[in-house]
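S.K.: Sharing a structure with you now.
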Amino acid sequence: MALKYEIVPVTPFEQNCSLVWCDVTMSAAVVDPGGDLPKIQARIDALGLKLDKIILTHAHIDHAGAVGELSTSQNLPIEGPHKEDQFWIDMLPQQSQMFGFAPAQSFTPNRWLEQGDTVEIGQEILEVLHCPGHTPGHVVFYHRPSELLFVGDVLFQGSIGRTDFPKGDYDTLCKSIRGKLWPLGDQISFVPGHGPMSTIGQEIKTNPFVGGYG
């Protein structure tokens with residue numbers, strides 16, 4: 001029994017949307033469907049997955065732009081992010097205009113997520129970590145048995161999320177990374193919202209923004 005995943009880059013921002021599924025039940029969730037729904041659906045079909053839900057790290061347009069359309073068209077529940085990102089969801093139509101995306105629907109998640117919550121995907125469990133700073137309601141999904149994180153725009157290989165958007169905060173983001181992610185262990189791999197995967201240990205050693213344990 002294991003959690004499987006596949007990264008599907010979407011939108012002009014090359015955002016790492018992920019399909020995550022239980023290999024026993026083939027029940028799946030899509031993490032951060034920011035756009036390009038036909039591309040996402042093609043991979044769901046090719047892999048033979050049963051899409052059960054949408055899970056969301058945060059509500060910036062490149063991560064959440066297609067959530068409303070996908071939820072409505074397939075009657076899928078939305079889990080996440082934390083309720084502090086409500087204002088970003090409300091602003092999705094404006095975000096789509098600002099960044100030149102297709103018109104995006106705002107939506108109401110079926111379930112807001114908090115620190116310590118869990119998300120079920122078939123027989124697999126993702127733990128929820130609230131990691132504000134890039135946005136105030138940003139969450140991270142942790143699959144403990146696989147030592148795998150889906151971190152959205154909290155942390156990247158060699159970088160961290162931007163904090164110059166409304167309600168972003170650099171010190172809060174660094175505290176989230178050092179306080180919530182570093183203690184999970186050097187061996188933990190993570191899928192970032194953009195760019196290549198990395199490990200916690202690699203970032204502690206080399207990340208110029210949050211490297212070290214300080």
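S.K.: Hey, can you tell me all the residues within the stretch 112-148 that are in contact with a strand residue (DSSP E or B) (Cβ under 7 Å, 6 or more places away or on another chain) and among the hydrophobic types (A, V, I, L, M, F, W, C)?
M.R.: Leu113, Val119, Ile121, Ile125, Leu126, Val128, Leu129, Cys131, Val139, Val140, Phe141, Leu148 - these are the residues of the stretch 112-148 that are in contact with a strand residue (DSSP E or B) (Cβ under 7 Å, 6 or more places away or on another chain) and among the hydrophobic types (A, V, I, L, M, F, W, C).
S.K.: Now, a different point. Sort out which residues of the stretch 174-190 are over 13 Å from Val154 (Cα atoms) and either modelled with pLDDT under 95 or assigned to a helix (DSSP H, G or I) (or both), and write them in order of number.
M.R.: Selection gives Pro183, Leu184.
S.K.: Out of curiosity, is Pro109 more than 21 Å from Ile125 (Cβ to Cβ) and either without any contact (Cβ under 8 Å) to a residue 12 or more places away in the chain or touching a strand residue (DSSP E or B) at 6+ places or on another chain (Cβ under 6 Å) (or both)?
M.R.: The answer is no for Pro109.
S.K.: From Asp52, Asp32, Asp62, which residue is at positive phi, within 17 Å of the chain's Cα centre (by Cα) and not hydroxyl-bearing (Ser, Thr, Tyr)?
M.R.: Going through Asp52, Asp32, Asp62 in turn, the sole match is Asp32.
S.K.: Scan (1) farther than 20 Å from Tyr142 by Cα; (2) over 11 Å from the mean Cα position of the chain (by Cα); (3) assigned to a loop (DSSP other than H, G, I, E, B) for the single condition Thr25 breaks and write down its number.
M.R.: It is condition (1) that Thr25 fails.
S.K.: Going by the conditions given, is Gly68 under 16 Å from the mean Cα position of the chain (by Cα), more than 19 Å from Val191 (Cβ to Cβ) and either surrounded by fewer than 22 Cβ atoms within 10 Å (Cβ to Cβ) or modelled with pLDDT under 95 (or both)?
M.R.: For Gly68, the condition - under 16 Å from the mean Cα position of the chain (by Cα), more than 19 Å from Val191 (Cβ to Cβ) and either surrounded by fewer than 22 Cβ atoms within 10 Å (Cβ to Cβ) or modelled with pLDDT under 95 (or both) - is met.
S.K.: When the residues of the stretch 109-135 are narrowed to those that are part of a strand (DSSP E or B) and among the acidic types (Asp, Glu), which ends up surrounded by the most Cβ atoms within 10 Å (Cβ to Cβ)?
M.R.: Ranking the candidates gives Glu124 first.
S.K.: If the requirement is being at pLDDT below 95, surrounded by fewer than 22 Cβ atoms within 10 Å (Cβ to Cβ) and more than 19 Å from Val191 (Cβ to Cβ), which of these qualifies: Pro77, Pro103?
M.R.: Pro103
S.K.: Can I ask one more? Restricting attention to the stretch 71-99, which residues are more than 15 Å from Lys53 (Cβ to Cβ) and either of a type in the set (A, V, I, L, M) or within 16 Å of the chain's Cα centre (by Cα) (or both)?
M.R.: Answer for the stretch 71-99, where residues must be more than 15 Å from Lys53 (Cβ to Cβ) and either of a type in the set (A, V, I, L, M) or within 16 Å of the chain's Cα centre (by Cα) (or both): His82, Lys83, Glu84, Asp85, Gln86, Trp88, Ile89, Met91, Leu92, Met98.
The values are calculated or read from the model by the stated rules, or taken from the named source; none is laboratory data. Because the structure is a prediction, the values reported are computed rather than measured. Every residue, glycine as well, gets a Cβ built from its backbone with ideal geometry; the counts of neighbours run over all protein chains shown.
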